[in-house]
Amino acid sequence: MRFKDIIGHEELKKKLVRNIDSGRISHAQLFSGQMGCGTLPLAMACIQYIHCTCRHDGDSCGECPSCKMISTFAHPDHQTIFPVNKLKKKSGEMVLSSEFLPLWREFFNKTGGYFSADDWYAELDLGKTLKGLISTKEAENMILNLQLKSYSSPYKTVLIWLPEVMKAEASNRILKILEEPWDNTVFFLVTEREDLLLSTIISRTQSVYVPRIESEELIKQAILMGVQDTTKARNISRLSGGSLLELKKILSGADNTQQRENFEIFASIMRNSYKHNHIEILSAVEDIAAESIERIIGMLIDFSRLLREAFMIHAGMKEISYLWGEEAVFCQKFAPFIDSEDIEAMIENIEQAIRQIRQNGNAKIILTHCFLSICKPIERKNLK
């Protein structure tokens, strides 16, 4: 993975290159950002640049033996660790990243490194409920390998993708190394959920926050993917929220049905708020709470998007709102109830609910509190 292969983030790429060129390489770096914005590709580009023997023009060459080995995850001085698991695992069976490295290599090359945890678990064919994990044995093997002498590079590198799924004992093993690092050993931790990491791990890493992909870059991607109308490309770019994954989903039409269902549920809850009909709202909570965690979170994200769009219309920014169809009609009527006094609290309630749902909280209790909190300002305005 070369820096030139990564979409956007030009200033961040230059900063990362400057740090490596000057020898200011932190022994542990934590790349964080939303899925689809390029955290994993950026970490891999840094790793390839560190090992490259023919760097030039602020990038790795892509041709030297080191670059070729990194691109196939086969460099002897690099380790890649990622969550794995498998169905019908035998009792006591240890499942390690190395067993799935060929699949990982193929999937990374196919996607360019732009994929989510759920995408990877689907590739592992884990079913609807089983998730990947990073075991203590994985951490032990990593430590043993780091004790060996470097083979061809002045540095040893370790990529840990999704360290938030490490078992507690594995996290503590990693923490000990981060507290007492070996010379010329560099860790790259790539996370979607920094809030689930041990605070002690976060404090011993250099934070590299990867923001959302710039809108103009996503417009270019939409055009490359076949969107010929510039206005449509701009609209899709905005809806994707800075994520290449979301852009691809929108273009594939995969999320259209789900988005429509989410809108209908949102509109129903907001109408019942206006009518002070708490019984119907609680009935909706019952139905939503029975869905999968991923489905609930997707729904809440859509609710947040619609509230923001309604507020933009209320604030006189309709020209930069990218709603159409039933969503546009509803939010135009709904906008007077969403003002600057309440929008921040509404969005925070939803974001808090998403965090709690992800931490396996009781969905029924969380959603009840979230929806009733959002409904209060609407009820209050209707009484005026």
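The values are calculated or read from the model by the stated rules, or taken from the named source; none is laboratory data. Just so you know, these numbers come straight off a predicted model, no measurement behind them. When we count neighbours, we look across all protein chains shown, and the Cβ atoms used for this are built from the backbone with ideal geometry, even at glycine.
Observations on the model:
- Selection count where residues are of a type in the set (A, V, I, L, M) and at pLDDT 95 or above, scope region 188-207: 2
- Scan region 151-170 for residues that are in contact with an Asp or Glu (Cβ under 8 Å, 6 or more places away or on another chain), assigned to a loop (DSSP other than H, G, I, E, B) and modelled with pLDDT under 90 and the total you get is 3.
- Taking region 306-341 as the range and being charged (D, E, K, R) and at pLDDT 85 or above as the test, the residues that pass are R308, E309, K333.
Matching residues to (1) aromatic (F, W, Y); (2) at pLDDT below 90; (3) farther than 25 Å from M1 by Cβ; (4) out of contact with any strand residue (DSSP E or B) (no Cβ under 7 Å at 6 or more places or on another chain):
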| residue | (1), (2), (3), (4) |
| --- | --- |
| M94 | no, yes, yes, yes |
| R105 | no, no, no, yes |
| K110 | no, no, no, yes |
| D118 | no, yes, no, yes |
| A139 | no, no, no, yes |
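- So S252, is it of a type in the set (S, T, N, Q) and surrounded by fewer than 15 Cβ atoms within 10 Å (Cβ to Cβ): yes
- Among residues of region 219-259, those that are touching a residue at least 12 places away in the same chain (Cβ under 8 Å), part of a helix (DSSP H, G or I) and more than 18 Å from the chain's Cα centre (by Cα), counted: 10
- Residue that is surrounded by the most Cβ atoms within 10 Å (Cβ to Cβ), among those in region 116-158 that are acidic (D, E) and within 30 Å of G298 (Cα to Cα): E123
- In a residue-by-residue description of region 182-191, the property of being over 27 Å from R355 (Cα atoms), touching a residue at least 24 places away in the same chain (Cβ under 8 Å) and not assigned by TED's automatic domain parsing to the domain that holds L144 applies to no position.
- Positions within region 175-218 being under 18 Å from A43 (Cα atoms), among the hydrophobic types (A, V, I, L, M, F, W, C) and part of a helix (DSSP H, G or I), in sequence order: L178, I201, I202
- Options I366, I343, I338; residue that is under 21 Å from S283 (Cβ atoms) and in the same structural domain as R271 (by TED's automatic domain parsing): I366
- One residue stands out in region 66-115 among those that are among the polar types (S, T, N, Q) and assigned to a helix (DSSP H, G or I): the one that is nearest to I50 (Cα to Cα), namely S66.
- Long-range neighbours under 6 Å by Cβ, at least six apart or interchain, first residue in the same structural domain as A43 (by TED's automatic domain parsing) and over 17 Å from I160 (Cα atoms) within region 91-120, second assigned to a helix (DSSP H, G or I) and of a type in the set (D, E, K, R): M94/K137
- Enumeration of residues in region 138-170 that are closer than 28 Å to A117 by Cα and free of Cβ contacts under 8 Å to residues at least 12 places away in the same chain: L144, A168
- Hits in region 273-293 (condition: assigned to a helix (DSSP H, G or I) and among the hydrophobic types (A, V, I, L, M, F, W, C)): I279, I281, L282, A284, V285, I288, A289, I293
- Among the residues of region 1-46, those that are crowded, with 23+ Cβ neighbours inside 10 Å and closer than 21 Å to P181 by Cβ comprise L30, F31, A43, M44, C46.
- Annotation: C46 fulfils all but one of (1) part of a loop (DSSP other than H, G, I, E, B); (2) touching a residue at least 40 places away in the same chain (Cβ under 8 Å); the unmet one is (1).
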